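Read through the structure below, which is laid out as structure tokens, and then see the notes.
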Amino acid sequence: MTDLIAPDAIPSANHDDWQPDPERPRRRPPWIKVRAPSGENYERVYGLMREKSLHTVCEEAQCPNIGECWGRGTATFLMMGDTCTRSCGFCDIKTGRPSPLDWNEPNRIAESVRALNLRHVVITSVNRDERADGGAPIFAMVIKRIRQLQPGCSIEVLIPDFKGNEAALKIVMDAQPEILNHNVETVPRLFRKVQPQDRYEWAMATLTNAKKMDPLVLTKSGIMVGLGETFDEVVEVMRDLRTCEVDILTVGQYLSPSKAHLPVERFWLPREFDEIKRLGLEMGFKWVESGALVRSSYRADQQVRELSKLNYIRLRD
């Protein structure tokens with residue numbers, strides 16, 4: 001993570017002595033510092049997204065890692081528009097009535113993947129609860145089109161829960177992505193507060209059923225911390241995810257996009273993220289990405305390269 005942190009802002013190795021300012025208790029601690037996005041690759045990705053009329057979760061969700069990821073020539077594509085049918089308290093993507101689905105969008109995304117010469121791509125979407133299938137066919141279409149235009153590129157889809165609809169999930173799984181991701185986001189006690197239209201049971205069913213439908217797929221999930229959960233509650237969610245045979249875990253610090261969103265209740269310390277990683281690997285996760293600036297697709301391409309070396313990922317035809 002040090003390449004994202006302003007070097008002169010680091011007072012100690014593990015920050016155990018850091019305490020929040022009583023006058024500004026939600027002021028970000030020194031280890032949450034990112035460089036302003038810039039550079040040739042950043043401009044190239046930005047230009048391509050505008051040219052193809054595409055959305056990215058990097059922009060819509062104000063991801064703090066946009067400078068690093070776009071600087072490496074990677075991005076997380078956001079499908080089905082920029083308007084979500086759900087109103088989660090942590091998310092900066094706008095809520096409302098979405099536009100009709102753009103059935104040519106998968107082709108434009110695949111063309112962009114080819115133009116960027118990606119070896120791994122992450123595709124996600126807004127929720128489209130106005131549709132019984134939640135937009136699952138769009139996921140299947142983009143997987144198939146990327147395979148046609150960019151053979152050898154591994155595909156990771158970060159999907160909604162489809163309200164627990166197994167038929168919708170099967171549409172995605174039949175297209176055989178290498179990685180199936182669905183974020184649980186928070187602990188059960190905070191679900192109603194953090195994501196009132198979601199259900200913990202839907203999240204767990206999505207991950208469990210994905211593995212049943214395709215035993216070769218790697219499943220992945222993520223948790224935000226700093227919304228009022230306890231360390232023990234996070235560990236319990238991790239155990240639940242392992243019960244669902246989830247392979248990859250991401251844990252990162254929640255950062256409130258604005259005063260209209262849920263506030264940060266606490267900034268977790270680096271040593272706590274380190275402990276989460278240690279416990280996760282001990283539980284049997286094949287990979288744990290845990291740190292303040294970690295997001296669901298953070299360094300996903302690097303994860304795939306390392307997991308491929310261990311023969312955990314098999315590219316589909």
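Readers should treat all values here as calculations from the given coordinates under stated rules, not as data from a laboratory. If you're wondering where the values come from, they're calculated on a predicted model, not measured in any experiment. Here Cβ is always computed from backbone atoms with ideal geometry, including for glycine, and neighbour counts include all displayed protein chains.
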Simple spin-label estimate for ARG28/LYS144, 7 Å along Cα→Cβ, in nm, reads 4.2 nm
Between ASN117 and GLN302, how high is the FRET efficiency from 1/(1 + (r/R0)^6) when r is the Cβ-Cβ distance and R₀ = 22 Å? Nearest 0.05. 0.85
Ranked by how many other beta carbons lie within 10 Å on average, peptides 175-186, 150-161, 302-313 from highest: 175-186, 150-161, 302-313
Using only the Cα atoms of region 153-271, what are the Rg and Dmax in Å? 14.8, 43
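Stretched out fully, how many nm does the piece from ARG239 to GLU130 gain, at 0.36 nm a residue minus the Cα gap?
Taking ARG239 through GLU130 to full extension adds about 36.0 nm, to one decimal.
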Starting from the Cα-Cα distance between SER87 and ALA167, subtract it from 0.36 nm times their residue separation and give me the gain in nm to one decimal. 26.4 nm
Project the alpha carbons of region 67-206 onto their principal axes and report the range along each, largest first, in whole Å. 42, 35, 28
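Could you work out how much longer the chain between THR95 and LYS309 gets when fully extended? Use 0.36 nm per residue separation minus the Cα distance between them, nm to one decimal.
Contour length minus the Cα-Cα distance gives 73.0 nm.
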Shape category assigned to region 27-309 from the gyration tensor of Cα positions, a/c cut at 1.5: rounded
Using amide H atoms built 1.01 Å from N in the peptide plane, name the residues 5+ places from LEU158, or on other chains, whose amide H lies under 5 Å from its own. ILE123, THR124, ASN181
Entries in LYS144/LYS309; LYS163/LYS286; LYS211/LYS286; LYS220/LYS286; LYS144/LYS170 that, when Cα-Cα distance is taken, lie over 19 Å: LYS144/LYS309; LYS163/LYS286
At 7 Å along Cα-to-Cβ for each site, give me the label-to-label distance between GLU275 and TRP103 in nm. 5.4 nm
